[in-house]
Amino acid sequence: MTLEKNDAADIAHRFLSARRAAASLPAYPGEMPSSVEEAYAIQDAAIAAWNQPIIGWKVGRVPAALVSRFGTERIAGPIFASRTALAAGGEVEMPVFDKGFAAAEAEFLLRIGRKPDPAQTRFTLEEAADMIDAVHVGIEIASSPLRAINELGPVAIVSDFGNNNGLVVGPAIADWQTSGFETWPVSTFIDGVEVGTGQATGFPNGAIGAARFLFELMARRGIALEPGQWISSGAVSGVHDARPGQSIEARFADKMQVRCRLVAAAPFPVEKRVGELLEPGARRASSDGQRTS
């Protein structure tokens with residue numbers, strides 16, 4: 001059965017209502033999509049209704065056992081400006097849904113340097129790399145009002161903004177093209193305890209493969225990517241559940257570190273307005289996600 005447009009809009013509305021209220025969802029809010037295409041239709045409806053500047057896109061892996069079922073190795077979701085923070089050597093606070101799902105993931109962040117041709121639907125890895133003008137280290141904040149979102153799988157994740165609730169932008173990697181950053185060992189620590197390690201070479205075609213996937217996906221979806229937007233290229237050291245009050249540290253080859261502390265998201269004020277989109281990291285996120293100078 002194909003998900004109707006009105007059903008997609010209703011599911012998007014239920015997810016957004018829970019996000020605005022910082023509430024929980026005990027179950028998927030409607031008929032589960034049967035394909036990632038239906039899930040992206042829900043995501044599109046939610047993006048239009050949320051109506052906030054998008055500062056980037058997260059890319060996540062589809063479990064190997066589900067790749068043939070859904071026909072893709074990766075999925076994507078938007079990252080909003082109001083949920084983005086600059087980690088300038090200290091520990092920033094990032095909101096998560098304490099009654100839902102929450103995790104923090106060590107990631108490489110690729111910055112788009114020039115706008116892709118919307119008519120180009122296929123990219124080589126070299127063409128994808130040529131679209132990137134900087135690579136930073138960072139932490140993706142994965143959080144949703146739906147506690148079981150990861151257990152329900154890719155279509156549930158895509159439905160709710162790709163299970164994203166923020167991005168912590170760390171320092172830039174000097175000479176990233178020749179740095180070999182995709183081979184760097186990456187570790188995640190929660191409250192000082194190591195919980196996972198990995199390398200970007202564990203991804204299909206590495207971090208640049210995530211960029212290629214996003215360029216091709218957005219062309220098919222008819223969504224324009226812009227210079228300055230980020231691509232959060234995947235959880236290098238795994239996805240590890242966390243909760244408000246915990247401190248997260250991501251270490252990249254003992255060369256760079258990024259830290260944040262998770263806090264409980266507050267209800268989203270109805271009258272809140274998002275200002276002009278600044279350069280990535282020009283404002284910091286407070287505990288309710290509102291950017292502050």
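The values are calculated or read from the model by the stated rules, or taken from the named source; none is laboratory data. Here the structure is a predicted model, which is why all the values come from computation and not from measurement. Please note: Cβ atoms are built from the backbone with ideal geometry, for glycine as well, and neighbour counts cover all protein chains shown.
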Can you find even one residue in the stretch 29-41 that is part of a loop (DSSP other than H, G, I, E, B), under 19 Å from the mean Cα position of the chain (by Cα) and buried (at least 20 other Cβ atoms within 10 Å of the Cβ)?
no
Restricting to the stretch 165-223, count the residues that are farther than 23 Å from Ala242 by Cα and of a type in the set (Ser, Thr, Tyr).
4
Take Val236 and decide whether it is in contact (Cβ under 8 Å) with a residue 12 or more places away in the chain, surrounded by 17 or more Cβ atoms within 10 Å (Cβ to Cβ), assigned to a strand (DSSP E or B) and of a type outside the set (S, T, N, Q).
no
From Ala219, Ala242, grab the single residue that is crowded, with 16+ Cβ neighbours inside 10 Å and closer than 17 Å to Glu127 by Cα.
Ala219
For the stretch 64-77, state whether one or more residues are out of contact with any Phe, Trp or Tyr (no Cβ under 8 Å at 6 or more places or on another chain), part of a loop (DSSP other than H, G, I, E, B) and at pLDDT below 95.
no
Among the numbered conditions (1) within 15 Å of Thr84 (Cβ to Cβ); (2) free of Cβ contacts under 8 Å to residues at least 40 places away in the same chain, tell me where Glu126 comes up short.
(1)
What are the residues in the stretch 17-28 that are surrounded by fewer than 19 Cβ atoms within 10 Å (Cβ to Cβ) and of a type outside the set (Gly, Ala, Ser), if any?
Arg20, Pro26
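Conditions tested, residue by residue: (1) surrounded by 14 or more Cβ atoms within 10 Å (Cβ to Cβ); (2) in contact with a strand residue (DSSP E or B) (Cβ under 6 Å, 6 or more places away or on another chain); (3) at pLDDT 95 or above; (4) assigned to a loop (DSSP other than H, G, I, E, B).
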site	(1), (2), (3), (4)
Val195	yes, yes, yes, no
Ile248	yes, yes, yes, no
Asp254	no, no, no, yes
Gly281	yes, yes, no, yes
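Listed here are the residues, each with its yes/no results for (1) assigned to a strand (DSSP E or B); (2) in contact with a Pro (Cβ under 9 Å, 6 or more places away or on another chain); (3) free of Cβ contacts under 8 Å to residues at least 40 places away in the same chain.
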| residue | (1), (2), (3) |
| --- | --- |
| Ile141 | yes, yes, no |
| Val158 | no, yes, no |
| Gly162 | no, yes, no |
| Ala174 | no, no, yes |
| Thr178 | no, no, yes |
| Ser187 | yes, no, no |
| Ala207 | no, no, no |
